[in-house]
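The values are calculated or read from the model by the stated rules, or taken from the named source; none is laboratory data. In this text, all values refer to a predicted model and were calculated from it rather than measured experimentally. Every residue, glycine among them, receives a Cβ derived from its backbone with ideal geometry; neighbour counts consider all protein chains shown.
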Amino acid sequence: MEKTGALHQRLNRVSDLVGDLLVDAFHYLALFAIGGAVVWSAVHAFVGMAANGRASIDDILLLFIYLELGAMVGIYFKTKHMPVRFLIYVGITALTRLLVGDIATHHTLEWGIVTVPVAILLLALANLVVRYGSARFPSSAASDRP
């Protein structure tokens, strides 16, 4: 009976090691793929701006979105934690880009456009809640880090 228990424990350790290895391999592969796609897209957008000979505010905000996505990948790569705040920043920047592009295209202000600044305000408030929550109630993983 002891041999069976020892074999069971060894099998559990091996399966945990193999599982951890596969999960880490997937994370690294996915991070490199996402990071590469962000860099590729940013370079493509920048080359397009250079070919046009100008960069609009819409283009610059797009580059900021790529910067935020790249920073998010880098932070996840280093800490193994998804920075939710960066997703909120991407959403705010994307909505700002939509707002600026819509106003630049139509040159009119309508009441329907008010929904975008309201959404930006809600995302800013969500960011405030996330920051307050992480400062006031840190997770055990965050408090264990140096």
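Can Ala135 be described as modelled with pLDDT under 90, exposed (fewer than 10 other Cβ atoms within 10 Å of the Cβ) and part of a helix (DSSP H, G or I)? Lay out the reasoning, then the answer.
On the way: modelled with pLDDT under 90: yes; exposed (fewer than 10 other Cβ atoms within 10 Å of the Cβ): yes; part of a helix (DSSP H, G or I): yes.
For Ala135, the condition - modelled with pLDDT under 90, exposed (fewer than 10 other Cβ atoms within 10 Å of the Cβ) and part of a helix (DSSP H, G or I) - is met.
Restricting to the stretch 85-99, and then to whatever is within 17 Å of Val130 (Cα to Cα) and out of contact with any Ser or Thr (no Cβ under 9 Å at 6 or more places or on another chain), can you tell me which residue is modelled with the lowest pLDDT? I'd like the intermediate steps shown before the answer.
Step one: of the stretch 85-99, the residues within 17 Å of Val130 (Cα to Cα) are 85-92.
Next, only the ones that are out of contact with any Ser or Thr (no Cβ under 9 Å at 6 or more places or on another chain) stay: 86-92.
Working: Phe86: 86, Leu87: 89, Ile88: 94, Tyr89: 92, Val90: 91, Gly91: 93, Ile92: 94.
By that ranking, first place goes to Phe86.
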Practice item. Specify which of the listed residues (Met82, Met49, Met72) is outside any helix (DSSP H, G or I) and aliphatic (A, V, I, L, M). Key: Met82
**Study point:** Filter result for Gly36 (surrounded by fewer than 11 Cβ atoms within 10 Å (Cβ to Cβ) and either part of a helix (DSSP H, G or I) or of a type in the set (A, V, I, L, M) (or both))
**Key:** no
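Matching residues to (1) surrounded by 12 or more Cβ atoms within 10 Å (Cβ to Cβ); (2) under 27 Å from Val116 (Cα atoms); (3) among the charged types (D, E, K, R); (4) out of contact with any His (no Cβ under 8 Å at 6 or more places or on another chain):
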site	(1), (2), (3), (4)
Asp20	no, no, yes, yes
Phe26	no, no, no, yes
Leu29	no, no, no, yes
Arg54	no, yes, yes, yes
Leu87	yes, yes, no, yes
Val100	yes, yes, no, yes
Exercise for review: Determine if the stretch 102-111 includes at least one residue that is assigned to a helix (DSSP H, G or I) and surrounded by 13 or more Cβ atoms within 10 Å (Cβ to Cβ).
Suggested key: yes
